[in-house]
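The values are calculated or read from the model by the stated rules, or taken from the named source; none is laboratory data. Predicted, not measured: the structure shown is a model, and the values here were computed from it. In this analysis, Cβ positions are derived from the backbone assuming ideal geometry, glycine residues included, and neighbour counts consider all displayed protein chains. In case anyone asks, the SASA skips ligands and DNA or RNA and just uses the protein heavy atoms, side chains included. Shrake-Rupley method; radii C 1.70, N 1.55, O 1.52, S 1.80 Å.
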Amino acid sequence: MLAILASRFTLFDQHNPIRNAVGIFLLTSFFYFIGAELRLIEALSLFWPLNGVMAGVFARYVFLNRPHYYAISYVAMLLYDAMTTNWGISSLVINLSNMAFIVTLALLVIRDKRLHKGTPDPVNALRLFGYCIVAAGLCALVGAVGAVGVTSLAFWPSLADWFSEQFSTGVLIVPCLLTIRWPDLARRIRLEHLTPVAALIVSVLASVAIGGAGSLAFPLPALIWCAVRYSLPATCLLTFVTGAVEITLVANSIIDIAVGTPFTTPMMFSARLGIATMAICPIMVSVSMAAINSLVHQVSLRADYDFLTRVYSRSGLYEALKQEETHRHPRFLTVMLLDIDYFKSINDNYGHECGDKVLTEFAQQVQAAVGEEGLVARMGGEEFAVVINTGDARQGYALAERIRTTVEQHPFIWRGQTLFLTVSIGLGCGKSEAWQLTEVFNRLLTEADDYLYRSKKGGRNRTSGLVRERDATAEKPAPSEQL
């Protein structure tokens, strides 16, 4: 229930502009506060999450891309500076640099999603990397101009520091904002699922213990392991947290990359760029895994389902039965083989296009009669199979007769002409333990095939099975009664 309520909640609503305005103002103020509290190097922030967060929000919610919403974010920045700093006119330019990053990156991402339909692939991840460079460069240029006189840094060091901070936070935060979703709380988490996260924590601790410039790359193998094992949103979140932690540890000399040399701003520039460059690797791996999994799923669907009728293929039916074998309870299995009577004459008289339409509607009729509990598969040509759990053989026979009469009474319309079909059915019934489901199915399929032959030989449009023969034998009078 909690997961359902969470999935329904959203901070922004396309049809509620007041709610959107308040949300943008509050988000801007909150993350501005966080960045302001992290001003540890000169007067600039060690880690400035505001621009990455707001760029991700505007890119994710396309309907927010309106001048007045951008203006609300800008006003929130100015108000915060007016209450907490004495920057005066410089605040207009400094916060304009923030807006340059937000607007540029948001518009580039939206354009990319529109042109490439948001398909996750490694090229998209690389484009996002480039978009962060462009947005960070523009932001740094405007910000360095506005910061002259506010910070003790000269123009070029300020430009480098500004660019590295904006670029690193953009690469770390924006992918996270674009992919994040509410977690599935109903899904159980096993201890072995947390192994990559444990490896990630150990690698960060190793960076602290060993130090040196190379220590920044220690978490990379663990992050790639996370990318292989976890979803894209989870990988982006772990990458963001790891990058933010590393930047904070480097800035406080807890991870000592200087090795005895006093920490300087150029080293922070290098550290930020290194961490940002490292961050793109697990994201690309995760995106590649998502693309591969999507392709495998599509190939699996094509193999498991008949393209024309949208029911299982023969191979798909066996895969479904293997999944059913994981259930522990025994069942009484009914297997039916159905063959459309005189189907060849439909193709000959009305064409294969009509034949394809008949097969599609026939499969839909059978699936509707069987319901969600039964498996329907096209075995080839006009022959279909049904596998379903029934209480006994008589229930299976009753279902087969219901299918037969439904098909017989259903009119198939083709170019103004009404066609009526009949179907011959053979039945196989028997008990099965869960672990031997496939084996029992093969035996019952052979039995159903034998009875299908009897239905055809007996005049078609009928159902044949062992239960029917038993009933017919029981209905015959005893020899004494025949005299």
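Annotations for the structure displayed:
- Residue 155 - accessible surface, heavy atoms, 1.4 Å probe, Å² rounded to 10: 60 Å²
- Residue order for 390, 422 - accessible surface, 1.4 angstrom probe, largest first: 422, 390
- Across 322/431; 322/344; 344/457, pairs whose alpha-carbon gap is larger than 23 Å: 322/344
- Surface calculation, 1.4 Å probe, protein heavy atoms: residue 439 sits at approximately 120 Å² accessible.
- Cα→Cβ-extended label distance, 7 Å offset, between residue 68 and residue 82, nm: 2.0 nm
- Heavy-atom accessible area order for 322, 113, largest first, 1.4 Å probe: 322, 113
- Divide the volume of the convex hull around the Cα atoms of the chain by the residue count and you get 204 Å³ per residue.
- Dmax and Rg, reported as Rg then Dmax, of the range 313-361 (C-alpha, Å): 16.7, 50
- Cα centroid separation - the range 47-103 against the range 406-456, whole Å: 67 Å
- Lone cysteines, the chain (no partner Cβ under 4.7 Å): 132, 139, 226, 281, 354, 429
- Solvent-accessible area per residue for the chain (1.4 angstrom probe, square angstrom): 51 Å²
- Listed peptides 158-167, 368-377, 225-234 appear in the order 158-167, 225-234, 368-377 once ranked by packing, highest mean of other Cβ atoms within 10 Å at the front.
- Whole-percent carbon and sulfur share, accessible surface of the chain, 1.4 Å: 62 percent
- Solvent-accessible ranking of 281, 236, largest area first, probe 1.4 Å: 281, 236
- Span-rule helices in the chain, defined as complete DSSP H runs reaching 20 Å or more along the axis (Cα) with Kyte mean at least 0.0: 17-37, 67-84, 90-116, 122-147, 155-179, 195-210, 232-251, 265-304
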